[in-house]
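The values are calculated or read from the model by the stated rules, or taken from the named source; none is laboratory data. Every value quoted in this text rests on a predicted model; they were computed, and no experiment measured them. All Cβ positions, even for glycine, are placed from backbone atoms using ideal geometry, and neighbour counts span all protein chains on display. The area values use the complete protein model at the heavy-atom level, side chains included, leaving out ligands, DNA and RNA. Shrake-Rupley method; radii C 1.70, N 1.55, O 1.52, S 1.80 Å.
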Amino acid sequence: MIQSMTGFGKVTVELPTKKAIIEIKSLNSKQLDLTSRISPAYRDKDILIRNELLQALERGKVEIVITTEITEKEASAKINLPIFESYYEQVKTIAKKLNLSEPDNWFQTLLRMPEVVKTDLSETDAAEWEAVHQGLQEAIAQLIEYRMKEGAMLEQLFVQKIATIAGLLQQVEPYENERIDRIKARISENRMKLADIEYDAGRLEQEMFYYIEKLDINEEKSRLDYHLKYFIDTLGNGSGQGKKLGFITQEIGREINTLGSKSNHVEIQKIVVQMKDELEQIKEQILNVL
(Lines give C-alpha, C1' and ligand atoms only; values in the text may rest on other atoms or scores of the structure.)
Protein backbone atom coordinates (compact mmCIF):
# COMPACT_ATOMS: atom_id res chain seq x y z
CA MET A 1 0.00 0.00 0.00
CA ILE A 2 1.23 3.49 -0.84
CA GLN A 3 1.70 6.18 1.79
CA SER A 4 0.85 9.85 1.70
CA MET A 5 3.51 12.35 2.71
CA THR A 6 0.94 14.19 4.82
CA GLY A 7 0.95 13.11 8.45
CA PHE A 8 0.83 14.18 12.08
CA GLY A 9 1.86 12.67 15.40
CA LYS A 10 1.75 14.04 18.94
CA VAL A 11 2.83 12.45 22.22
CA THR A 12 3.07 13.89 25.73
CA VAL A 13 5.66 12.27 27.99
CA GLU A 14 5.04 12.69 31.73
CA LEU A 15 8.28 13.09 33.70
CA PRO A 16 8.86 13.52 37.48
CA THR A 17 9.17 17.32 37.40
CA LYS A 18 7.96 18.26 33.92
CA LYS A 19 6.37 16.95 30.79
CA ALA A 20 7.78 16.81 27.26
CA ILE A 21 5.45 17.43 24.30
CA ILE A 22 6.58 15.92 21.00
CA GLU A 23 4.84 17.00 17.79
CA ILE A 24 5.78 15.88 14.27
CA LYS A 25 4.02 16.93 11.09
CA SER A 26 4.87 16.35 7.45
CA LEU A 27 3.78 17.64 4.05
CA ASN A 28 4.82 16.75 0.51
CA SER A 29 8.33 17.52 -0.74
CA LYS A 30 10.71 16.09 -3.36
CA GLN A 31 13.16 15.03 -0.64
CA LEU A 32 13.38 15.05 3.15
CA ASP A 33 13.22 18.69 4.21
CA LEU A 34 13.57 18.61 8.00
CA THR A 35 13.24 21.50 10.45
CA SER A 36 13.40 21.11 14.22
CA ARG A 37 12.64 23.15 17.31
CA ILE A 38 13.92 21.19 20.28
CA SER A 39 13.93 22.12 23.95
CA PRO A 40 17.43 23.03 25.23
CA ALA A 41 17.23 20.03 27.58
CA TYR A 42 17.44 17.68 24.57
CA ARG A 43 19.39 19.83 22.11
CA ASP A 44 22.38 17.48 22.30
CA LYS A 45 20.16 14.71 20.86
CA ASP A 46 19.37 16.70 17.71
CA ILE A 47 21.48 14.55 15.33
CA LEU A 48 20.08 11.32 16.76
CA ILE A 49 16.52 12.63 16.37
CA ARG A 50 17.17 13.72 12.78
CA ASN A 51 18.63 10.33 11.86
CA GLU A 52 15.61 8.49 13.24
CA LEU A 53 13.24 10.74 11.30
CA LEU A 54 15.27 10.28 8.11
CA GLN A 55 15.19 6.48 8.37
CA ALA A 56 11.50 6.29 9.29
CA LEU A 57 9.97 8.95 7.04
CA GLU A 58 12.21 8.89 3.94
CA ARG A 59 10.71 11.94 2.23
CA GLY A 60 8.56 14.99 2.91
CA LYS A 61 8.66 18.45 4.47
CA VAL A 62 8.93 17.41 8.12
CA GLU A 63 8.80 19.62 11.19
CA ILE A 64 9.47 18.31 14.71
CA VAL A 65 8.84 20.36 17.84
CA ILE A 66 9.82 19.15 21.31
CA THR A 67 8.86 21.45 24.17
CA THR A 68 8.88 21.04 27.93
CA GLU A 69 6.50 22.35 30.56
CA ILE A 70 7.19 22.51 34.30
CA THR A 71 4.58 20.59 36.28
CA GLU A 72 3.03 21.71 39.56
CA LYS A 73 5.36 19.36 41.37
CA GLU A 74 8.25 21.67 40.51
CA ALA A 75 8.80 24.26 43.24
CA SER A 76 12.35 25.29 42.60
CA ALA A 77 11.71 28.22 40.24
CA LYS A 78 13.40 31.45 41.37
CA ILE A 79 13.47 35.03 40.14
CA ASN A 80 16.98 36.16 39.27
CA LEU A 81 16.81 39.56 40.97
CA PRO A 82 20.02 41.11 39.53
CA ILE A 83 18.93 40.34 35.97
CA PHE A 84 15.38 41.56 36.71
CA GLU A 85 16.76 44.86 38.07
CA SER A 86 19.05 45.23 35.05
CA TYR A 87 16.15 44.85 32.64
CA TYR A 88 14.07 47.30 34.70
CA GLU A 89 16.80 49.95 34.68
CA GLN A 90 17.19 49.57 30.93
CA VAL A 91 13.45 49.98 30.41
CA LYS A 92 13.43 53.15 32.54
CA THR A 93 16.44 54.55 30.68
CA ILE A 94 14.88 53.89 27.26
CA ALA A 95 11.52 55.34 28.36
CA LYS A 96 13.21 58.52 29.65
CA LYS A 97 15.40 58.91 26.56
CA LEU A 98 12.48 58.49 24.17
CA ASN A 99 10.08 60.44 26.35
CA LEU A 100 7.81 57.45 26.80
CA SER A 101 5.74 56.41 29.78
CA GLU A 102 6.55 53.11 31.43
CA PRO A 103 4.19 50.32 30.28
CA ASP A 104 1.42 49.33 32.66
CA ASN A 105 2.29 45.64 32.45
CA TRP A 106 6.06 46.09 32.79
CA PHE A 107 6.26 43.62 35.70
CA GLN A 108 4.75 40.72 33.73
CA THR A 109 6.81 41.65 30.68
CA LEU A 110 10.08 41.62 32.59
CA LEU A 111 9.29 38.23 34.12
CA ARG A 112 9.16 36.79 30.60
CA MET A 113 12.57 38.11 29.62
CA PRO A 114 15.42 35.57 29.16
CA GLU A 115 17.12 34.30 32.34
CA VAL A 116 14.81 36.26 34.70
CA VAL A 117 13.12 33.12 36.02
CA LYS A 118 15.54 30.31 36.71
CA THR A 119 14.65 26.75 37.56
CA ASP A 120 17.05 24.44 39.31
CA LEU A 121 16.82 21.41 37.11
CA SER A 122 19.16 18.51 37.06
CA GLU A 123 20.73 17.56 33.76
CA THR A 124 18.82 15.15 31.57
CA ASP A 125 19.65 11.68 32.85
CA ALA A 126 19.50 8.40 30.95
CA ALA A 127 16.08 7.43 32.33
CA GLU A 128 14.52 10.74 31.29
CA TRP A 129 15.93 10.57 27.78
CA GLU A 130 14.78 6.95 27.46
CA ALA A 131 11.22 8.09 28.23
CA VAL A 132 11.43 10.98 25.77
CA HIS A 133 12.99 8.73 23.13
CA GLN A 134 10.13 6.28 23.54
CA GLY A 135 7.72 9.18 23.09
CA LEU A 136 9.55 10.19 19.92
CA GLN A 137 9.13 6.69 18.48
CA GLU A 138 5.42 6.71 19.36
CA ALA A 139 4.97 10.07 17.62
CA ILE A 140 6.73 8.73 14.52
CA ALA A 141 4.49 5.65 14.57
CA GLN A 142 1.39 7.89 14.80
CA LEU A 143 2.57 9.93 11.82
CA ILE A 144 3.22 6.80 9.73
CA GLU A 145 -0.23 5.43 10.61
CA TYR A 146 -1.72 8.77 9.51
CA ARG A 147 0.27 8.54 6.25
CA MET A 148 -1.01 5.02 5.60
CA LYS A 149 -4.64 6.06 6.08
CA GLU A 150 -4.16 8.99 3.71
CA GLY A 151 -2.36 6.64 1.30
CA ALA A 152 -5.29 4.21 1.30
CA MET A 153 -7.65 7.02 0.29
CA LEU A 154 -5.28 8.15 -2.46
CA GLU A 155 -4.95 4.60 -3.75
CA GLN A 156 -8.73 4.29 -3.98
CA LEU A 157 -8.86 7.57 -5.91
CA PHE A 158 -6.11 6.48 -8.33
CA VAL A 159 -7.74 3.12 -9.04
CA GLN A 160 -11.02 4.89 -9.79
CA LYS A 161 -9.39 7.47 -12.10
CA ILE A 162 -7.31 4.90 -13.98
CA ALA A 163 -10.42 2.75 -14.48
CA THR A 164 -12.23 5.78 -15.89
CA ILE A 165 -9.41 6.46 -18.37
CA ALA A 166 -9.39 2.77 -19.37
CA GLY A 167 -13.14 2.93 -19.93
CA LEU A 168 -12.78 6.04 -22.07
CA LEU A 169 -10.10 4.27 -24.12
CA GLN A 170 -12.60 1.52 -24.92
CA GLN A 171 -15.02 4.18 -26.22
CA VAL A 172 -12.51 5.20 -28.90
CA GLU A 173 -12.77 2.00 -30.95
CA PRO A 174 -16.17 2.51 -32.63
CA TYR A 175 -15.23 6.05 -33.67
CA GLU A 176 -11.86 4.79 -34.89
CA ASN A 177 -13.47 2.41 -37.41
CA GLU A 178 -15.90 5.10 -38.49
CA ARG A 179 -13.01 7.53 -38.94
CA ILE A 180 -11.01 5.18 -41.21
CA ASP A 181 -14.09 4.42 -43.34
CA ARG A 182 -14.77 8.15 -43.69
CA ILE A 183 -11.17 8.85 -44.74
CA LYS A 184 -11.25 6.04 -47.33
CA ALA A 185 -14.55 7.30 -48.74
CA ARG A 186 -13.22 10.84 -49.00
CA ILE A 187 -10.07 9.66 -50.79
CA SER A 188 -12.12 7.51 -53.22
CA GLU A 189 -14.43 10.43 -53.92
CA ASN A 190 -11.51 12.71 -54.66
CA ARG A 191 -9.95 10.05 -56.87
CA MET A 192 -13.10 9.91 -58.99
CA LYS A 193 -12.62 13.60 -59.71
CA LEU A 194 -9.27 12.72 -61.25
CA ALA A 195 -10.84 10.34 -63.81
CA ASP A 196 -10.03 12.64 -66.75
CA ILE A 197 -6.52 13.40 -65.52
CA GLU A 198 -3.52 11.17 -66.03
CA TYR A 199 -1.78 10.17 -62.80
CA ASP A 200 0.46 7.45 -61.41
CA ALA A 201 -2.00 5.02 -59.82
CA GLY A 202 0.76 3.15 -58.00
CA ARG A 203 2.15 6.33 -56.45
CA LEU A 204 -1.35 7.47 -55.46
CA GLU A 205 -1.97 4.14 -53.74
CA GLN A 206 1.31 4.48 -51.86
CA GLU A 207 0.34 7.97 -50.71
CA MET A 208 -3.07 6.67 -49.56
CA PHE A 209 -1.48 3.91 -47.49
CA TYR A 210 1.00 6.41 -46.01
CA TYR A 211 -1.77 8.83 -45.08
CA ILE A 212 -3.97 6.16 -43.47
CA GLU A 213 -0.99 4.66 -41.64
CA LYS A 214 -0.05 8.11 -40.31
CA LEU A 215 -3.49 8.41 -38.75
CA ASP A 216 -3.43 4.92 -37.26
CA ILE A 217 -3.70 5.05 -33.44
CA ASN A 218 -3.50 1.35 -32.58
CA GLU A 219 0.05 1.70 -31.28
CA GLU A 220 -0.89 4.63 -29.02
CA LYS A 221 -3.90 2.71 -27.71
CA SER A 222 -1.77 -0.34 -26.90
CA ARG A 223 0.89 1.71 -25.12
CA LEU A 224 -1.70 3.66 -23.17
CA ASP A 225 -3.40 0.44 -22.08
CA TYR A 226 0.00 -0.93 -20.97
CA HIS A 227 0.85 2.20 -18.94
CA LEU A 228 -2.54 2.14 -17.22
CA LYS A 229 -2.01 -1.47 -16.12
CA TYR A 230 1.58 -0.70 -15.10
CA PHE A 231 0.32 2.15 -12.91
CA ILE A 232 -2.05 -0.19 -11.05
CA ASP A 233 0.67 -2.84 -10.65
CA THR A 234 3.04 -0.23 -9.19
CA LEU A 235 0.39 0.86 -6.69
CA GLY A 236 0.55 -2.61 -5.16
CA ASN A 237 4.33 -2.60 -4.70
CA GLY A 238 4.25 -0.89 -1.29
CA SER A 239 5.38 2.54 -0.13
CA GLY A 240 8.08 4.67 -1.74
CA GLN A 241 6.48 4.49 -5.20
CA GLY A 242 5.59 8.18 -5.53
CA LYS A 243 8.35 9.18 -7.96
CA LYS A 244 7.83 6.06 -10.08
CA LEU A 245 4.09 6.70 -10.30
CA GLY A 246 4.89 10.27 -11.34
CA PHE A 247 7.01 9.00 -14.24
CA ILE A 248 4.24 6.63 -15.34
CA THR A 249 1.68 9.45 -15.38
CA GLN A 250 4.02 11.37 -17.69
CA GLU A 251 4.00 8.44 -20.10
CA ILE A 252 0.21 8.16 -19.87
CA GLY A 253 -0.08 11.87 -20.66
CA ARG A 254 2.25 11.52 -23.66
CA GLU A 255 0.13 8.75 -25.19
CA ILE A 256 -3.13 10.63 -24.56
CA ASN A 257 -1.70 13.74 -26.25
CA THR A 258 -0.55 11.73 -29.29
CA LEU A 259 -3.95 10.04 -29.46
CA GLY A 260 -5.60 13.46 -29.60
CA SER A 261 -3.26 14.87 -32.24
CA LYS A 262 -3.69 11.84 -34.56
CA SER A 263 -7.40 11.26 -34.02
CA ASN A 264 -8.77 13.65 -36.67
CA HIS A 265 -12.24 13.01 -35.23
CA VAL A 266 -14.39 15.30 -33.08
CA GLU A 267 -15.80 12.57 -30.81
CA ILE A 268 -12.39 11.03 -30.16
CA GLN A 269 -11.01 14.45 -29.28
CA LYS A 270 -13.85 14.89 -26.77
CA ILE A 271 -12.87 11.57 -25.19
CA VAL A 272 -9.23 12.70 -25.09
CA VAL A 273 -10.25 15.87 -23.22
CA GLN A 274 -12.05 13.73 -20.62
CA MET A 275 -8.94 11.54 -20.28
CA LYS A 276 -6.77 14.61 -19.72
CA ASP A 277 -9.12 15.87 -17.03
CA GLU A 278 -8.93 12.55 -15.15
CA LEU A 279 -5.14 12.46 -15.53
CA GLU A 280 -4.72 16.01 -14.20
CA GLN A 281 -6.56 15.00 -11.03
CA ILE A 282 -4.17 12.08 -10.65
CA LYS A 283 -1.13 14.36 -11.18
CA GLU A 284 -2.33 16.77 -8.49
CA GLN A 285 -2.53 14.00 -5.91
CA ILE A 286 0.54 12.04 -7.00
CA LEU A 287 2.70 14.88 -5.64
CA ASN A 288 1.60 13.84 -2.16
CA VAL A 289 2.60 10.16 -2.51
CA LEU A 290 5.71 8.98 -0.68
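Some notes on this structure:
- Heavy-atom accessible area ranking, 1.4 Å probe, most first, across 36, 263: 36, 263
- Shown for the range 1-115: the carbon plus sulfur share of the solvent-accessible area, taken with all protein chains present and a 1.4 angstrom probe, equals 54%.
- Full extension of the segment from residue 70 to residue 277, taken as 0.36 nm per residue of separation minus the current Cα-Cα distance, would add 69.1 nm.
- For residue 182, the solvent-accessible surface computed with a 1.4 Å probe is close to 130 Å², ligands and nucleic acids excluded.
- Distant alpha-carbon pairs in the range 1-72 (separation over 14 angstrom), percent: 62
- Spin-label model, residue 37 to residue 230: label points 7 Å out along the Cα-to-beta-carbon direction sit 4.5 nm apart.
- Dimensions (Å) - the range 30-100, Cα atoms, principal axes, largest first: 55, 37, 19
- Solvent-accessible surface (1.4 angstrom probe) belonging to residue 219, in square angstrom, nearest 10: 120
- For residue 13, the accessible surface of its heavy atoms amounts to roughly 10 Å² (probe 1.4 Å, protein chains only, rounded to the nearest 10).
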